[in-house]
Structure formats: structure tokens, C-alpha cells
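None of the figures in this text is laboratory data; all of them are computed from the coordinates on show. Here the structure is a predicted model, which means the values were calculated and not measured. Note that each Cβ is placed from the backbone with ideal geometry, even for glycine, and that neighbours are counted across all protein chains shown.
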Amino acid sequence: MNSLFSNPELLRYARAQLRPTKLLVTGLICALLSVTLAFAALHQPYGITSAAAQLLRTVIVLQVLILALGGGIACLNAVFPEKEQNTFDYQRITRLSSAELALGKLFGAPIFMYFVCLCLMPLAIYAAFFAHADPLFVLAAYVALFVASLTFHTFCLLLSLLAIKGSQVTGILLALLLFAVVSNQSDGMYFRVHSFGPLQAYELATQHSGAYSLTDILLGHSVHHFPVLLVVDTCFILWFLLAVVRNIKRDPRSYEVFSPLQFLGFALFLNLLLVAFYNFSWTNLSLGVHSLLFFFEFIIFFLLGVALLHNREHVRTLLHSSGVQSSRLWNSLWPAPVLALGAVTASAMVVIALAFSRLDPSRSDITFAALRSLIFVLFLVSDLQLLQLLNLRPGNHPLVTAIVYLALYYFCASIILTALGCFREQARIPVASLFVPSAVFQLNASAWTTAPHIWLAGIFLQLLLIATLCHFQSRRIATLLHQPAPTPATPTPIPAAS
């Protein structure tokens, strides 16, 4: 395996982006900007120390915008445009391994942004010197900036790899949404943790020894935010990079973000973060805590479950590459076993954390929390099983169409149930639980005693729905079994020059 600096993919980006004339012009522009900002800071009326501290924050924010956002957009354009130009297949058949190709694109696509950030470093050192900033915290700020930006780059590279034709704008909007979410500072009401985004760097740069404003609460213990950010962002880098390496040299028709075991590991990792940093003392209602955690879990498992779904070509490939009977049975149940195992394990972690929290919940609260967990898992599995069945239909983008149908159902059902007062009146809440999962969040002792038979009927109907969907999925797979396996896409060889 080649070293990173001798990686042919990285060298290709370096030759294309780091041309001497381009570097000279960029360096002159950065020097002019640095001199202008330094001159303005020296002539502020409120003192050189305060002005230099503000200048240091400004420079770091500029570097965040350049490296994180600019580099992220460059990573978004690392794979998708080459697919559009039909040149990516030639990279897939090179002798580069999947890891070498992924690392070459990860560090090569934003290489010009790294150069621009280096050009602004003299101004940052000048500002840190006159602001009397602690050198260790300034170094920690730039380590956090690099690691958090690399996390964003890896996510954008994964988006670029998985993007389909016509979805580049959607990928950019999704990347910007993620950047805004991870850069948002938590108020400590729900989660006692600071931001994991690159904008956290300018807060670290102005810290001093003995300052504990950047303190997180991890499992009831106070820890400084810097090691937390470093460990969590590094874990996300490894997870995203694993997904890129797993798929970058595959046929796009057989992409699978994670294997079942990897899916379980990633889902439980996200759930562990939720439980570890959650503020269990924000309310005196333990079931209210449970409902909010389940809302976050539902979003996580739904998004990861969508990534688990197989399309028609992938299912046909699996059917013809392994034992017919075992593969047919497994694909008929997919993704119910893996999804149910992950959701049950995550729900158990939440219930156990609730039991050992400082709220001192009663035994009935724990019992109903476990019951709500069961209904939550059933709704989740039935929804994803429906999407998997609809994803096996012929046509363009069947998964997108299936998600639109499911969203339309829940939207219409919620409006009708709200108009009928099923979310306001205690006696009608069990009826709402038959149609939408949000009613499950209101399950408590009084709601259960109102109509226990309706709650049990809802559980039975969900089990019946899952079995029915698996039956229809088995029939669909039987149809696919008689179709020939898809041949892998290979690029047309270039004729040799005479």
C-alpha cells in the first residue's frame, strides 16, 4: 500500500489544484488580507489585547469557512461529477485499493483549501501573541478545527459516492444542514455537551488555564470538551470512512453503506452518545424523558434503516450468488431481523439508563417504558419493511416514491386524528396508537387503564402487518429469482493508438 504522500490519486489532485501561478496569486491575496486585518486591529479604541483576541476569533472563523465548508463542497464534487462524465469506472478498475482511492480523494479534493488556511496562519499567530492566548489552547483549537473539518469532509465524500443523478443540490443542502446542526450550541436543557463542529475551535483558542466554560457532562462526570470532541469526531471519521472504503470500488447498483453487523455497531454507537450526554434531570417526568429519547432514536434508526434497504439489482445479485433457499428466506425478512435487534438493544439501553438515573422512577414507569419500547420497535420495523417492499418495484427511484407515500400517509392520518381529538382526549389516545407511532409517546398508567385491549390490539396489528409485508416481499423475490442476474458495469476499453 502506498503512503499517503505518494498516493497517485492525491498527487493527481495536487497537480491539478496546486499550480505555481495559482499558489502565488492566492498567497498575495491572503497576505493583503492579513495586513489589512492586522492594521485594523492595531487601531481599535478598546485595547490591543481585546482587539487581538477578536482578530484571532475572526481568523479562525474564516479558516473554518474555508477549510470545512469549502473543503466539504470540494469533497462533494470528488465522485459525483466523475460519475456524470462516465470517468469514475476507470478509477474503480485501477490497481489502487479501496482505502488508497478513498484517502486520495479525502485529502486530495480539498487540498487547495488546506493551502489557503496555511496562508492565514501567520495572521493567527500574530493575533494569538498579542492576545496573550495560551499556546496549548491555540494548538488544541487547530487540532479540533482539523479533526472536525475532516469529519465533515468524510461525510461529504460519502454523500458524493452515494448520490444519484440529479441529487447533487440535495446533497449540498443536506451537508449544509449537517454543518448547521453540529455547529449549534446546546443550551444544556436536553444534552449537556458542546458543539462537535469546527466552529468550536474559536472558543478553544481563547481559553486559558483554569477556565472551565467548555465542560461537558459525560455519564454524570464533568470532562473538558476538547478530548470529547476529539474522540467523538474521530469515531465518526472512522465510521464514514468505513462506508466509503466499503463501496467506492463497487458497482453503484450494489452499494450497501454498512453490513448488518456494522449497522448494529453504528446505531448502538449513536444511541450510546444520546444516553451518555442526555440531561436526565431536565424534567421530573421520567416518561417524558423516555419519549424525547425515543423521538431521537426513531429518527436515527429510520435514517440508518433506509440505508440498509436493498434495490432490485442488489437483491437479484444476492439471490444468484448464494444458496437459493437461504438467500430467499433472508431477503424475504430483510431488514426486519437486523433492525429489530438494533432497536431492541438501543431501547434496552434507554430503559436501563432511565432506571439508574437520578429521577428515581417508580416500577410502573419502567414497565410502561419497556412497553412503549416494544411498540416503538414494531412501528419502526413495519415502516422499514414497507419501504423495502416498495423499493423492489420496477421504475425510476422507487425508494424516493415509497418515502413520499409513507410521509403522505402519516401526514393525512395525523391531521384526521387531531381533528377527531385523538391526541387530546385520554379515552381516544389508544385509538390513535393503531395508526401513528406518536400516540405511543403518551402511553402511561392512566392511558393504559382506559383501554388496554386497544393497546394490545395495536401490538397484534403491527405484528400482522409485518408478517403480511414479509409475505408479499417473498412473492416479489420469487419473481426476481427467475430473472437473470445483472452483469457488472465495466467501462469500454480505450483502443490503442496505432
What is the order of 334, 239, fewest Cβ neighbours within 10 Å to most?
239, 334
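Looking at the range 56-121, I'd like the Rg to Rh ratio, where Rg is from alpha-carbon atoms and Rh is Kirkwood's inverse mean 1/r.
1.11
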Less than 12 Å apart at the alpha-carbon level, and either on another chain or at least 8 residues along: which aspartates and glutamates does that give for residue 249?
89, 100
Where in the range 133-158 does the label zone of residue 61 land, with the point 7 angstrom along Cα→C-beta and an amide N cut-off under 16 Å?
none
Full-stretch length increase - residue 355, residue 427 - with 0.36 nm per residue and alpha-carbon distance subtracted:
23.1 nm
For residue 195, the residues 5 or more places away or on another chain with a placed amide H closer than 5 Å to its own amide H are 186
Cα radius of gyration and Dmax for the range 48-157 (Å)
17.4, 58
Fewest-first sequence of 113, 349 by Cβ atoms within 10 Å of each Cβ:
349, 113
Reciprocal mean inverse distance between Cα atoms of the range 256-485 - Kirkwood radius, Å:
18.9
MRE, 222 nm, helices only [DSSP H, n ≥ 4, -39500 (n - 2.57), over the chain, to nearest 500]
-22500 deg cm²/dmol
Assuming R0 = 51 Å, what is the FRET efficiency of residue 345 and residue 5, from their Cβ-Cβ distance, to the nearest 0.05?
0.75
Considering every pair of different Cα atoms, what Kirkwood radius, in Å, is found for the range 435-481?
12.7
Scaled to the compact-protein estimate 2.2 N^0.38 Å, what is the alpha-carbon radius of gyration of the chain, rounded to two decimal places?
1.13
Over the range 1-247, what portion of Cα pair distances is larger than 31 Å, expressed as a whole percent?
31
Within the chain, which whole H helices from DSSP have a Cα span along their axis of at least 20 Å and a mean Kyte-Doolittle hydropathy of 0.0 or more, if any?
20-42, 48-64, 135-162, 168-183, 225-247, 260-277, 286-308, 336-355, 363-391, 398-419, 452-481
